[in-house]
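Taken together, the values in this text are just the output of simple stated rules run on the coordinates, not laboratory data. As the structure is a computational prediction, the values presented were derived from the model and not from experiment. Ideal geometry is used to build each Cβ from the backbone, glycine not excepted, and the neighbour counts take in all protein chains shown.
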Amino acid sequence: MLEKDIKKILVTEEEISERIKSLGQAITEDYAGKEPLVICILKGAAFFMTDLVRYMDLKVDIDFMDVDSYGDAFETSGDVKIVKDLSTSVANRDVIIVEDIIDTGTTLHYLVDLLKYRQANSIKIVTLLDKPDRRRFGLTPDYIGLEVPNEFVVGYGLDYLQRYRNLPYIGVLKEEIYKENLS
Ligand code: PRP
C-alpha cells in the first residue's frame, strides 16, 4: 500500500543493515574502553539508533532529544527549538549524536554548540544518510552510512508529513505526492 507512492528504492533493507553493522563495528573499535552516551534525535533517528546500538559492543547509555527546525515545512526555518530535552547530563560524557539524515546542517550545528556549552567531554556525529549538496554549515559527520542525492527520501524513519517512516527501506517519494504542497 505504501509502496505505490514510492518512485524508486534507493537503499534496500539489506543494504541498510550491512551499513549499520559496519558503522557499529567502527564505533566499537573507536570507543574501546569508553562508555559513551548515545543521543537519538527524534523522531527520524529512532529506527537507526535502536539498530545501531545492537552492533556497538560497548557499555552505552542512551537518551533522546527532540528538536524542530522544520515543522511540516520543506525548508528549515533556521530557528531550532527544543521540543524534548535530554534526561541525562552530558557533562564530561563522550557523546555520540545519532541522526537519520543531515541536510543543511542547521539542527546539528545548533546541537553541537549546545552540548559543548553543557560541557560534553567529546562529541561525535553518526548519520545514516548525508546530503552534502545542501549544506549551509561547514559540518562533517564522523560516521556516515551513505551519501544520498538531493531527492525527497522517505522510509526507515524518514517522513513526509509524518508518514512513511515505517517503510523498511529508503525510497524516493513520487513527486505527485508532495507537489501540491510545493507551490
Ligand atoms: C530531520 C532530520 C534532522 C534534520 C536535518 O528532522 O532528522 O534532524 O531534519 O536537517 P538539517 O540538517 O537541515 O537541520 P525533522 O526536523 O524532519 O524531524 P523528524 O526527525 O521528527 O522527522
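Rg and Dmax of region 34-99, Cα atoms, in Å?
Spelled out, the Cα radius of gyration and Dmax of region 34-99 are 13.1, 39 Å.
Which pairs in the list LYS7/LYS131; LYS59/LYS131; LYS43/LYS174 are over 28 Å apart, alpha-carbon to alpha-carbon? Could the numbers behind the result be given before it?
Numbers: LYS7/LYS131 19 Å; LYS59/LYS131 31 Å; LYS43/LYS174 22 Å.
As for pairs spanning more than 28 Å Cα to Cα, those are LYS59/LYS131.
Excluding TYR55 itself, what net charge comes from residues whose Cβ is under 14 Å from its Cβ, given Lys and Arg +1 and Asp and Glu -1?
Numbers: positive: ARG19, LYS21, ARG54; negative: GLU18, GLU29, ASP30, ASP51, ASP57.
Result for the neighbourhood of TYR55: -2.
On alpha-carbon atoms, Rg over Rh for the chain using Kirkwood Rh? Present the calculation step by step, with values, prior to reporting the outcome.
Details: Rg = 16.2 Å, Rh = 16.8 Å.
That ratio is 0.96, to two decimals.
Expressed as an acute angle from 0 to 90° and rounded to the nearest 10, what is the orientation of the C-alpha long axis of helix 106-117 relative to the principal long axis of the chain?
10 degrees
Starting from the Cα of GLN119, step 7 Å toward the Cβ, then list every residue of region 73-99 with an amide N under 16 Å from that point.
Only 88-95 pass the distance filter.
What is the angle, in °, between the Cα long axis of helix 13-30 and the longest principal axis of the Cα atoms in the chain? Nearest 10 is fine, range 0 to 90.
20 degrees
In what sequence do LYS179, LYS174 fall when counting other Cβ within 10 Å, fewest first? Spell out each step's value before the answer.
Values: LYS179 9, LYS174 14.
Result, fewest neighbours first: LYS179, LYS174.
Give the aspartates and glutamates reachable from LYS34 as a straight Cα distance under 12 Å; neighbours fewer than 8 places away on the same chain don't count.
Result set, ordered by chain and number: ASP57, ASP61, ASP94.
Between ILE82, ILE97, ILE16, find the one with the highest GNM mean-square fluctuation for the chain; connect C-alpha pairs within less than 10 Å.
Per the Cα network of the chain with a 10 Å cutoff, ILE82 tops the list.
Under 15 Å between alpha carbons, and skipping anything fewer than 8 positions from LYS81 in its own chain: which aspartates and glutamates qualify?
ASP66, ASP68, ASP72, ASP113
For a quick check, take a GNM of the chain with Cα springs below 10 Å and name the residue from ARG19, ARG165, ARG54 with the largest mean-square fluctuation.
So, out of ARG19, ARG165, ARG54, the one fluctuating most is ARG54.
Taking R0 as 25 Å, what FRET efficiency do you get between LYS4 and ARG135 from their Cβ-Cβ distance, rounded to the nearest 0.05? Provide the component values of the computation, followed by the final result.
Working: r = 33 Å, r/R0 = 1.30.
That gives a FRET efficiency of 0.15.
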